[in-house]
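Taking it in order: structure first as structure tokens, then the write-up.
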Amino acid sequence: MPAPGENLKINGERLWDSLMEMAKIGPGIAGGNNRQTLTDDDAEGRALFQKWCEEAGMTMGVDQMGTMFARREGTDPAALPVYVGSHLDTQPTGGKYDGVLGVLGGLEIIRSLNDLGIKTKHPIVVTNWTNEEGTRFAPAMLASGVFAGIHSQDWAYEREDAEGKNFGDELVRIGWKGEEAVGARKMHAFFELHIEQGPILEAEGKDIGVVTHGQGLSWTEVTITGKESHTGSTPMPMRRNAGLAMARVLELVDEIALSHAPDAVGAAGHIDVYPNSRNVIPGKVVFTVDFRSPDLAMIQDMEQRLIDGGNKICDDMGMAIEFEKVGGFDPVEFDEGCVTAVRNAADRLGYSHRDIISGAGHDACWINRVAPTAMVMCPCVDGLSHNEAEEISPEWAAAGANVLFHAVVETAEIVE
Ligand code: HGY
Ligand code: MN
Ligand code: MN
């Protein structure tokens, strides 16, 4: 198949304008976004994305997890489509580009193909995966996980948020529960453009990350039970302070991850303290430990040492501790053919690039189980993400979208 010419480019200005337009929906309090999944803001962002897709001549399909599939026809309707996309949901203090760049980068490919009057043999489908972040409803990458057969749909529907609302009801409430069976769609390939969310590309002055692997992830929910009592009148030796036990376990998490440096990371981002009153010793704490590494054995070692060490800490302090695995996936190796298409595109377009392992999880990590998959990364300022100050440049956005354009169109086969 002839590769696209190096002059095949997207319209960077239009992409940037669409990013800024989408960023107005579900604004954060510090310039970023708080467009959490299945909220009214999410519904508004979905409606805007659907409007843009229909204006670009695409037809929209929605599955029973609310994932959106906007299709541009190919010349061979029997050919399996090339899928391209990411997610529109954000963290509560999220940035404007995490996920959104991948969805709107896919839309920009369609808009550019329309401008250039180019047809492809394979249809192209631009995708918005529901609940990639896993912040409101754990785990992360929930809809792509159901699509890949990792989770059952019923289990996914029962996921609850902090207010006890469940995923299935909220999906119906916002009017985005589709008809399609989840996972019924077969893919020729899947590509995802994403900001790096780390410092490597910017530090090395690289325009493009060719993502060969994704590190594995493990989420363990830890519950420690002590005893509520008065912070003033309870003598220190009598206290069963669950908050103190958590602090010691979190020190242990840091120690465990650092023992595998530089190939592992660990922290807890979600922490609930009960009753969370200024003058009550915490009787219970619930927190989620997030371990990651490209090496599965390291992840398993970290999980086991958390359990062994946590049990010891709480035995010594006379408290109960429970562990529940609430999310995770093994390290991922992306499809060599798709990765090569990304690397060749970066070369052809003259962008500096390097192979990279994704530090963050992405829908591509699950879709890689059911279709040939690869990712394209662009740098982000100071490697910062999951922070409202997340920033990229229009040039980085355009470079990433151009490489995505070439990889997708080469795989979808241009029809002369
Ligand atoms: O957790 C992750 O890595 C992704 O941002 N959801
Ligand atoms: Mn993301
Ligand atoms: Mn994210």
Of the numbered conditions (1) in contact with an Asp or Glu (Cβ under 9 Å, 6 or more places away or on another chain); (2) part of a helix (DSSP H, G or I); (3) within 16 Å of ligand 2 (Cβ to nearest atom), Leu48 satisfies every one except a single condition; which is it?
(3)
Residue in the range 59-77 that is among the β-branched types (Val, Ile, Thr), more than 18 Å from Ala140 (Cα to Cα), open to solvent by less than 10 Å² (accessible area, probe 1.4 Å) and more than 16 Å from ligand 3 (Cβ to nearest atom) present:
no
What residue, of Asp382, Asp355, is assigned to a strand (DSSP E or B) and at pLDDT 95 or above?
Asp355
Of the residues Leu244, Leu252, which is open to solvent by 50 Å² or more (accessible area, probe 1.4 Å), outside any loop (DSSP other than H, G, I, E, B) and over 30 Å from Ala341 (Cβ atoms)?
Leu244
Do we have any residue at all in the range 165-174 that's open to solvent by 50 Å² or more (accessible area, probe 1.4 Å), more than 30 Å from Met238 (Cα to Cα) and in contact with a strand residue (DSSP E or B) (Cβ under 8 Å, 6 or more places away or on another chain)?
no
Could you tell me whether any residue of the range 319-327 is open to solvent by less than 40 Å² (accessible area, probe 1.4 Å), under 23 Å from Gly216 (Cβ atoms) and within 16 Å of ligand 3 (Cβ to nearest atom)?
yes
Out of (1) within 16 Å of ligand 2 (Cβ to nearest atom); (2) touching a Leu at 6+ places or on another chain (Cβ under 9 Å), what's the single condition that is false for Pro394?
(1)
If you go through the range 276-312, how many residues are assigned to a strand (DSSP E or B), of a type outside the set (A, V, I, L, M) and in contact with a Ser or Thr (Cβ under 6 Å, 6 or more places away or on another chain)?
2
Among (1) within 15 Å of ligand 1 (Cβ to nearest atom); (2) part of a loop (DSSP other than H, G, I, E, B); (3) surrounded by 22 or more Cβ atoms within 10 Å (Cβ to Cβ) - the single one Gly102 does not satisfy
(2)
Flagged in the range 190-208 as away from ligand 1 (no atom under 15 Å from the Cβ) and either closer than 22 Å to Asp295 by Cα or not in a loop (DSSP other than H, G, I, E, B) (or both), in numbering order, are Phe190, Phe191, Pro199, Ile200, Leu201, Glu202, Ala203, Glu204, Ile208
Six or more apart or on different chains, Cβ under 6 Å: which pairs go from a residue in the range 66-84 that's hydroxyl-bearing (Ser, Thr, Tyr) to one that's part of a loop (DSSP other than H, G, I, E, B)? Could you list them?
Thr67/Trp129; Thr67/Thr130; Thr75/Lys121; Tyr83/Met187
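The values are calculated or read from the model by the stated rules, or taken from the named source; none is laboratory data. This one's a predicted model, so the numbers in the text were calculated from it and none came from an experiment. We place every Cβ from the backbone using ideal geometry, glycine too, and count neighbours over all the protein chains shown. Just so you know, the surface numbers come from the protein's heavy atoms only, side chains and all, with ligands and any DNA or RNA stripped out. Shrake-Rupley method; radii C 1.70, N 1.55, O 1.52, S 1.80 Å.
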